[in-house]
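Written below as C-alpha coordinates is the structure these notes are about.
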Amino acid sequence: MIRVLSPGLLTTVQDLGRPGFQRFGVSVGGALDAVALQLGNILVGNTPEAAGLEMTLQGPVLEAETDLLIAITGSDLGARLAGKPVPLWKSLWWRKGEQLTVRGKPLGARAYLSVAGGVDVPSLLGSRSTYLTAGMGGWRGRPLRRGDRLPIGSFRGQVAKEGRLLPPSCRPVYRQGAPIRVILGPHQDAFTTEALEAFFNTPYTVTPQMNRMGVKLDGVPLTHEKGADILSGAVTCGSIQVPADGQPILLLAERQTTGGYAQIATVSTVDLPQIAQALPGDRLRFQPVTLDEAQRCLRRQRQFLRLLRVHAGL
(Lines give C-alpha, C1' and ligand atoms only; values in the text may rest on other atoms or scores of the structure.)
Protein backbone atom coordinates (compact mmCIF):
# COMPACT_ATOMS: atom_id res chain seq x y z
CA MET A 1 0.00 0.00 0.00
CA ILE A 2 0.88 3.65 -0.49
CA ARG A 3 -0.63 6.04 2.07
CA VAL A 4 -1.60 9.55 0.98
CA LEU A 5 -0.54 12.12 3.60
CA SER A 6 -1.32 15.08 1.34
CA PRO A 7 -2.86 14.78 -2.14
CA GLY A 8 -1.23 17.72 -3.90
CA LEU A 9 -3.02 19.90 -6.42
CA LEU A 10 -4.30 17.11 -8.67
CA THR A 11 -3.00 13.57 -8.35
CA THR A 12 -4.82 10.78 -10.16
CA VAL A 13 -4.33 7.14 -11.09
CA GLN A 14 -3.71 6.87 -14.84
CA ASP A 15 -2.69 4.29 -17.40
CA LEU A 16 -2.86 4.40 -21.22
CA GLY A 17 -6.64 4.90 -21.25
CA ARG A 18 -9.73 2.99 -22.38
CA PRO A 19 -10.08 3.12 -26.19
CA GLY A 20 -13.09 1.62 -27.90
CA PHE A 21 -15.94 3.28 -26.02
CA GLN A 22 -16.21 6.74 -27.58
CA ARG A 23 -19.36 5.73 -29.42
CA PHE A 24 -20.95 5.49 -25.98
CA GLY A 25 -19.65 8.93 -24.99
CA VAL A 26 -16.76 7.56 -22.89
CA SER A 27 -13.51 9.43 -23.44
CA VAL A 28 -10.28 7.49 -23.95
CA GLY A 29 -8.58 9.41 -21.14
CA GLY A 30 -5.34 8.08 -19.71
CA ALA A 31 -2.04 9.80 -18.95
CA LEU A 32 -1.62 13.15 -20.67
CA ASP A 33 2.09 12.43 -21.17
CA ALA A 34 1.76 8.79 -22.14
CA VAL A 35 5.42 8.53 -23.18
CA ALA A 36 6.65 9.54 -19.72
CA LEU A 37 4.39 6.96 -18.08
CA GLN A 38 5.55 4.19 -20.44
CA LEU A 39 9.19 5.04 -19.79
CA GLY A 40 8.55 4.87 -16.05
CA ASN A 41 6.98 1.45 -16.45
CA ILE A 42 10.03 0.25 -18.38
CA LEU A 43 12.34 1.46 -15.63
CA VAL A 44 10.50 -0.52 -12.92
CA GLY A 45 9.85 -3.61 -15.04
CA ASN A 46 6.11 -3.18 -15.62
CA THR A 47 4.05 -3.88 -18.71
CA PRO A 48 3.26 -0.73 -20.76
CA GLU A 49 -0.36 -0.56 -19.59
CA ALA A 50 0.42 -0.61 -15.85
CA ALA A 51 -1.18 2.23 -13.89
CA GLY A 52 0.82 4.90 -12.10
CA LEU A 53 0.19 8.30 -10.55
CA GLU A 54 -0.09 11.48 -12.61
CA MET A 55 0.99 14.45 -10.47
CA THR A 56 0.15 18.00 -11.55
CA LEU A 57 2.18 21.14 -10.69
CA GLN A 58 2.26 20.57 -6.92
CA GLY A 59 2.53 16.89 -6.14
CA PRO A 60 1.53 14.81 -3.13
CA VAL A 61 3.18 13.68 0.06
CA LEU A 62 3.11 9.87 0.21
CA GLU A 63 4.31 7.17 2.58
CA ALA A 64 5.27 3.61 1.66
CA GLU A 65 3.74 0.86 3.80
CA THR A 66 6.17 -1.68 2.35
CA ASP A 67 9.37 -1.58 0.29
CA LEU A 68 8.59 -0.48 -3.28
CA LEU A 69 10.62 -0.06 -6.45
CA ILE A 70 9.71 3.25 -8.11
CA ALA A 71 10.69 5.66 -10.86
CA ILE A 72 9.65 9.27 -11.42
CA THR A 73 9.45 10.54 -14.98
CA GLY A 74 8.10 13.55 -16.84
CA SER A 75 8.86 17.07 -15.63
CA ASP A 76 10.83 17.87 -12.51
CA LEU A 77 8.41 18.77 -9.71
CA GLY A 78 11.10 18.69 -7.02
CA ALA A 79 10.55 15.19 -5.62
CA ARG A 80 12.38 14.28 -2.41
CA LEU A 81 12.54 10.87 -0.74
CA ALA A 82 13.32 10.80 2.99
CA GLY A 83 14.46 14.40 2.57
CA LYS A 84 16.88 13.74 -0.30
CA PRO A 85 16.36 14.76 -3.94
CA VAL A 86 15.02 11.98 -6.17
CA PRO A 87 16.71 11.57 -9.56
CA LEU A 88 14.30 11.42 -12.46
CA TRP A 89 14.40 8.63 -15.07
CA LYS A 90 15.95 6.13 -12.66
CA SER A 91 14.58 3.18 -10.66
CA LEU A 92 15.21 3.18 -6.92
CA TRP A 93 13.89 1.62 -3.73
CA TRP A 94 11.33 3.45 -1.62
CA ARG A 95 11.64 1.85 1.78
CA LYS A 96 8.81 1.17 4.21
CA GLY A 97 8.00 4.22 6.34
CA GLU A 98 9.81 6.73 4.13
CA GLN A 99 7.97 9.79 2.88
CA LEU A 100 8.00 10.86 -0.76
CA THR A 101 7.38 14.59 -1.12
CA VAL A 102 6.73 16.16 -4.53
CA ARG A 103 6.58 19.83 -3.67
CA GLY A 104 9.32 21.79 -5.50
CA LYS A 105 8.95 24.57 -8.06
CA PRO A 106 7.60 22.84 -11.17
CA LEU A 107 9.71 22.92 -14.33
CA GLY A 108 6.76 21.49 -16.26
CA ALA A 109 3.14 20.65 -15.61
CA ARG A 110 3.22 16.92 -14.83
CA ALA A 111 5.33 14.13 -13.37
CA TYR A 112 4.57 10.42 -13.16
CA LEU A 113 5.22 7.95 -10.35
CA SER A 114 5.60 4.38 -11.59
CA VAL A 115 5.72 1.52 -9.07
CA ALA A 116 6.80 -2.04 -9.77
CA GLY A 117 3.55 -4.02 -9.92
CA GLY A 118 1.50 -0.96 -10.83
CA VAL A 119 -1.22 0.80 -8.85
CA ASP A 120 -3.67 -2.08 -8.47
CA VAL A 121 -7.07 -0.38 -8.50
CA PRO A 122 -10.01 -2.17 -10.18
CA SER A 123 -10.08 -2.18 -13.96
CA LEU A 124 -13.16 -0.57 -15.52
CA LEU A 125 -13.82 -1.00 -19.25
CA GLY A 126 -10.32 -2.38 -19.61
CA SER A 127 -8.52 0.50 -17.89
CA ARG A 128 -7.50 1.74 -14.45
CA SER A 129 -7.48 5.39 -15.56
CA THR A 130 -9.39 8.00 -13.61
CA TYR A 131 -12.06 9.69 -15.74
CA LEU A 132 -12.71 12.79 -13.66
CA THR A 133 -15.56 14.23 -15.71
CA ALA A 134 -17.63 11.06 -15.33
CA GLY A 135 -16.41 10.24 -11.80
CA MET A 136 -15.36 6.74 -12.80
CA GLY A 137 -12.28 4.54 -12.86
CA GLY A 138 -8.99 5.03 -11.05
CA TRP A 139 -9.27 5.42 -7.29
CA ARG A 140 -13.00 5.82 -6.66
CA GLY A 141 -13.39 8.01 -9.73
CA ARG A 142 -11.68 11.03 -8.17
CA PRO A 143 -8.34 12.67 -7.39
CA LEU A 144 -6.47 11.34 -4.38
CA ARG A 145 -7.37 12.63 -0.92
CA ARG A 146 -5.60 12.63 2.39
CA GLY A 147 -5.91 9.24 4.06
CA ASP A 148 -6.32 7.20 0.87
CA ARG A 149 -4.38 3.91 0.76
CA LEU A 150 -3.52 2.70 -2.72
CA PRO A 151 -2.91 -1.02 -3.33
CA ILE A 152 0.17 -2.03 -5.34
CA GLY A 153 0.25 -5.18 -7.46
CA SER A 154 2.83 -7.96 -7.30
CA PHE A 155 5.86 -7.66 -9.57
CA ARG A 156 8.37 -9.91 -11.26
CA GLY A 157 11.54 -9.75 -9.19
CA GLN A 158 13.79 -10.74 -12.09
CA VAL A 159 12.90 -7.60 -14.08
CA ALA A 160 12.39 -5.13 -11.19
CA LYS A 161 15.89 -3.76 -10.78
CA GLU A 162 17.22 -0.83 -8.79
CA GLY A 163 19.46 1.59 -10.64
CA ARG A 164 17.99 1.12 -14.11
CA LEU A 165 18.70 4.49 -15.72
CA LEU A 166 17.39 6.09 -18.89
CA PRO A 167 20.35 7.85 -20.56
CA PRO A 168 19.93 11.60 -21.17
CA SER A 169 19.98 11.01 -24.94
CA CYS A 170 16.85 8.82 -24.60
CA ARG A 171 14.83 11.16 -22.38
CA PRO A 172 12.08 13.42 -23.70
CA VAL A 173 13.09 17.06 -23.99
CA TYR A 174 10.33 19.45 -22.98
CA ARG A 175 11.33 22.65 -24.75
CA GLN A 176 9.32 25.82 -24.64
CA GLY A 177 9.25 27.32 -28.10
CA ALA A 178 9.84 24.05 -29.95
CA PRO A 179 7.41 23.84 -32.90
CA ILE A 180 4.31 21.75 -32.32
CA ARG A 181 3.63 19.64 -35.40
CA VAL A 182 0.01 19.68 -36.55
CA ILE A 183 -2.02 18.20 -39.38
CA LEU A 184 -4.21 20.84 -41.01
CA GLY A 185 -7.95 20.30 -40.78
CA PRO A 186 -10.42 18.74 -40.79
CA HIS A 187 -12.23 22.08 -41.17
CA GLN A 188 -9.56 24.37 -42.60
CA ASP A 189 -12.07 25.56 -45.20
CA ALA A 190 -14.07 27.13 -42.36
CA PHE A 191 -11.26 29.66 -41.74
CA THR A 192 -10.07 32.70 -43.67
CA THR A 193 -6.68 32.79 -45.36
CA GLU A 194 -5.60 35.37 -42.79
CA ALA A 195 -6.52 33.00 -39.94
CA LEU A 196 -4.44 30.18 -41.39
CA GLU A 197 -1.47 32.50 -41.84
CA ALA A 198 -1.77 33.77 -38.27
CA PHE A 199 -2.09 30.26 -36.85
CA PHE A 200 1.20 29.15 -38.38
CA ASN A 201 3.17 32.40 -38.12
CA THR A 202 2.39 33.79 -34.66
CA PRO A 203 2.77 32.19 -31.21
CA TYR A 204 -0.15 31.30 -28.95
CA THR A 205 0.12 31.56 -25.18
CA VAL A 206 -1.05 28.86 -22.77
CA THR A 207 -3.62 30.39 -20.42
CA PRO A 208 -4.45 29.30 -16.84
CA GLN A 209 -7.65 27.78 -18.29
CA MET A 210 -6.20 24.29 -18.56
CA ASN A 211 -7.10 20.88 -17.21
CA ARG A 212 -7.16 17.25 -18.34
CA MET A 213 -9.86 18.06 -20.92
CA GLY A 214 -7.96 20.77 -22.76
CA VAL A 215 -6.00 24.01 -22.88
CA LYS A 216 -7.32 27.43 -23.82
CA LEU A 217 -4.81 29.44 -25.88
CA ASP A 218 -4.50 33.18 -26.38
CA GLY A 219 -3.16 34.97 -29.41
CA VAL A 220 -4.19 36.53 -32.71
CA PRO A 221 -7.92 35.76 -33.11
CA LEU A 222 -8.62 33.23 -35.85
CA THR A 223 -11.47 34.39 -38.07
CA HIS A 224 -14.07 32.09 -39.57
CA GLU A 225 -15.50 32.27 -43.07
CA LYS A 226 -19.12 31.78 -42.01
CA GLY A 227 -19.12 31.29 -38.25
CA ALA A 228 -17.59 28.96 -35.68
CA ASP A 229 -20.41 26.46 -35.23
CA ILE A 230 -20.63 23.19 -37.15
CA LEU A 231 -22.79 20.11 -36.88
CA SER A 232 -21.27 18.13 -34.01
CA GLY A 233 -18.39 16.01 -35.20
CA ALA A 234 -15.81 13.67 -33.75
CA VAL A 235 -12.83 15.11 -31.88
CA THR A 236 -9.64 13.44 -30.76
CA CYS A 237 -6.76 14.11 -28.41
CA GLY A 238 -4.95 17.01 -30.05
CA SER A 239 -7.94 18.47 -31.90
CA ILE A 240 -7.75 22.27 -31.99
CA GLN A 241 -11.21 23.83 -31.93
CA VAL A 242 -11.82 27.52 -32.53
CA PRO A 243 -15.00 29.01 -31.00
CA ALA A 244 -16.53 32.34 -32.00
CA ASP A 245 -14.01 34.43 -30.02
CA GLY A 246 -11.25 33.14 -32.31
CA GLN A 247 -9.05 31.80 -29.49
CA PRO A 248 -8.05 28.15 -29.98
CA ILE A 249 -8.92 25.36 -27.55
CA LEU A 250 -6.53 22.40 -27.71
CA LEU A 251 -8.26 19.22 -26.57
CA LEU A 252 -6.45 16.63 -24.44
CA ALA A 253 -6.99 13.07 -23.19
CA GLU A 254 -10.17 13.63 -21.18
CA ARG A 255 -11.93 15.61 -23.89
CA GLN A 256 -15.54 15.15 -24.89
CA THR A 257 -16.10 12.70 -27.75
CA THR A 258 -17.79 15.19 -30.12
CA GLY A 259 -17.66 18.93 -30.57
CA GLY A 260 -19.58 21.70 -32.31
CA TYR A 261 -16.76 24.12 -33.15
CA ALA A 262 -14.72 24.12 -36.35
CA GLN A 263 -11.33 22.40 -35.97
CA ILE A 264 -8.41 24.16 -37.64
CA ALA A 265 -5.82 21.42 -37.03
CA THR A 266 -4.87 18.36 -35.00
CA VAL A 267 -1.63 18.00 -33.02
CA SER A 268 0.58 15.12 -34.10
CA THR A 269 0.52 12.38 -31.45
CA VAL A 270 4.30 12.53 -30.92
CA ASP A 271 4.05 16.16 -29.78
CA LEU A 272 1.19 15.69 -27.31
CA PRO A 273 3.68 15.31 -24.40
CA GLN A 274 4.90 18.85 -25.14
CA ILE A 275 1.35 20.11 -24.64
CA ALA A 276 0.88 17.99 -21.49
CA GLN A 277 3.96 19.61 -19.94
CA ALA A 278 3.19 23.21 -20.92
CA LEU A 279 2.73 25.74 -18.12
CA PRO A 280 0.53 28.85 -18.13
CA GLY A 281 2.44 31.57 -19.94
CA ASP A 282 4.33 29.17 -22.21
CA ARG A 283 4.15 30.06 -25.90
CA LEU A 284 3.32 27.50 -28.57
CA ARG A 285 4.19 27.69 -32.26
CA PHE A 286 2.50 25.40 -34.73
CA GLN A 287 4.16 23.78 -37.73
CA PRO A 288 2.17 22.03 -40.48
CA VAL A 289 3.10 18.45 -41.40
CA THR A 290 1.43 15.87 -43.59
CA LEU A 291 -0.45 12.87 -42.24
CA ASP A 292 2.30 10.61 -43.63
CA GLU A 293 4.98 12.60 -41.78
CA ALA A 294 3.03 12.44 -38.52
CA GLN A 295 2.55 8.69 -38.87
CA ARG A 296 6.26 8.12 -39.60
CA CYS A 297 7.18 10.05 -36.45
CA LEU A 298 4.74 8.01 -34.39
CA ARG A 299 6.08 4.72 -35.77
CA ARG A 300 9.63 5.77 -34.86
CA GLN A 301 8.54 6.66 -31.34
CA ARG A 302 6.79 3.33 -30.85
CA GLN A 303 9.77 1.45 -32.23
CA PHE A 304 12.02 3.33 -29.79
CA LEU A 305 9.83 2.29 -26.85
CA ARG A 306 9.81 -1.34 -28.05
CA LEU A 307 13.61 -1.36 -28.31
CA LEU A 308 13.93 0.02 -24.78
CA ARG A 309 11.70 -2.74 -23.46
CA VAL A 310 13.78 -5.39 -25.23
CA HIS A 311 16.99 -3.83 -23.88
CA ALA A 312 15.50 -3.90 -20.37
CA GLY A 313 14.64 -7.59 -20.76
CA LEU A 314 10.88 -7.05 -20.69
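The values are calculated or read from the model by the stated rules, or taken from the named source; none is laboratory data. For clarity, every value in this text was computed on a predicted model and none was experimentally measured. We place every Cβ from the backbone using ideal geometry, glycine too, and count neighbours over all the protein chains shown. Please note that ligands, DNA and RNA were not included when accessible areas were found on the heavy atoms of the full protein model with its side chains. Shrake-Rupley method; radii C 1.70, N 1.55, O 1.52, S 1.80 Å.
Whenever you get a sec, compute what percent of the accessible area on segment 1-62 sits on carbon and sulfur atoms (1.4 Å probe).
61
Within segment 256-276, what residues put their amide N at less than 19 Å from the label point 7 Å along the Cα-to-Cβ vector of Gln303?
Inside the label zone: 269-271.
Rounded to the nearest 500, what is the 222 nm mean residue ellipticity of the chain from helices alone, with -39500 (n - 2.57) per DSSP H run of 4+ residues and division by all residues?
Calculated at 222 nm, the ellipticity per residue is -4500 deg cm²/dmol.
Which peptide among 268-276, 4-12, 84-92 comes first, and what is the full order, when sorted by highest mean count of other Cβ atoms within 10 Å?
268-276, 4-12, 84-92
Show me, bin by bin at 20 Å from 0, the whole-percent P(r) of the chain based on Cα pairs.
Going out from 0 Å in 20 Å bins, the chain shows 34, 56, 11, 0 percent.
In square nanometres, what is the average projected area of the Cα convex hull of segment 259-314?
6.0
Across 5 Å bins from 0, what is the distribution of all Cα-Cα pair distances for segment 217-259, in whole percents?
In whole percents, the pair-distance histogram is 5, 23, 28, 24, 16, 3.
Please give the contour-minus-distance gain from Lys84 to Gln209: 0.36 nm per residue of separation, less the Cα-Cα distance, rounded to one decimal in nm.
41.6 nm
State the dimensionless ratio Rg/Rh of segment 168-305 (Rg: radius of gyration of Cα atoms; Rh: Kirkwood radius).
Ratio of gyration radius to Kirkwood radius: 0.95.
Answer rounded, prolate or oblate for segment 82-124, using the Cα gyration tensor with square roots of eigenvalues a ≥ b ≥ c: rounded when a/c is under 1.5, else prolate when a/b is larger than b/c, else oblate.
Oblate.
Using Cα positions and a limit of under 26 Å, work out the lysines in reach of Lys161, with same-chain residues fewer than 8 apart set aside.
Straight-line reach from Lys161, under 26 Å: Lys84, Lys90, Lys96.
Taking all protein chains in place and a 1.4 Å probe, what share, in percent, of the accessible surface of segment 97-251 do carbon and sulfur account for?
52
Just to be sure I understand: of the beta bridges DSSP finds with both ends in the chain, what percent are antiparallel, rounded to 5?
The antiparallel fraction comes to roughly 95 percent.
Please list the non-local residues whose amide H lies under 5 Å from the amide H of Ile230, H modeled 1.01 Å from N, same-chain partners needing a gap of 5 or more.
Tyr261, Ala262
Which of the listed residues, Thr236, Gly78, Ser129, is farthest toward the dipole's positive end in the chain, when Lys, Arg count +1 and Asp, Glu count -1 at the beta-carbon?
Gly78
Rounded to the nearest 20 Debye, what is the dipole magnitude of the chain about its Cα centre when Lys and Arg each give +1 and Asp and Glu each give -1 at the C-beta?
Dipole of the chain, to the nearest 20 debye: 1120 debye.
For the chain, what does the accessible surface come to per residue with a 1.4 Å probe? Please give it in Å².
The answer is 44 Å² per residue.
Could you tell me the extents of segment 101-144's C-alpha atoms along the three principal axes, largest first, rounded to whole Å?
35, 27, 15
Please give the direction-averaged projected area of the C-alpha convex hull for segment 117-239, in square nanometres with one decimal.
It is 12.6 nm².
Please list 3J(HN,Hα) in residue order for segment 140-152, calculated via the Karplus relation 6.51 cos²θ - 1.76 cosθ + 1.60 where θ = phi - 60°; whole Hz, with x for glycine and proline.
6, x, 8, x, 5, 10, 4, x, 5, 10, 9, x, 10
For Arg255, enumerate residues with amide H under 5 Å from its amide H, sequence gap 5+ or separate chain, H modeled in the peptide plane.
So Arg255 has HN proximity to Gly29.
Across segment 29-180, how large is the tail of the calculated P(r) beyond 18 Å, expressed as a percent of all Cα pairs?
Pairs farther apart than 18 Å: 56 percent.
If you take every residue apart from Gly17 with its C-beta less than 13 Å away from the C-beta of Gly17, what net charge results, scoring Lys and Arg +1 and Asp and Glu -1?
-1
So which GluC sites (Glu not before Pro) in segment 35-70 end up in coil per DSSP with only 16 or fewer other C-beta atoms within 10 Å?
Answer in residue order: Glu65.
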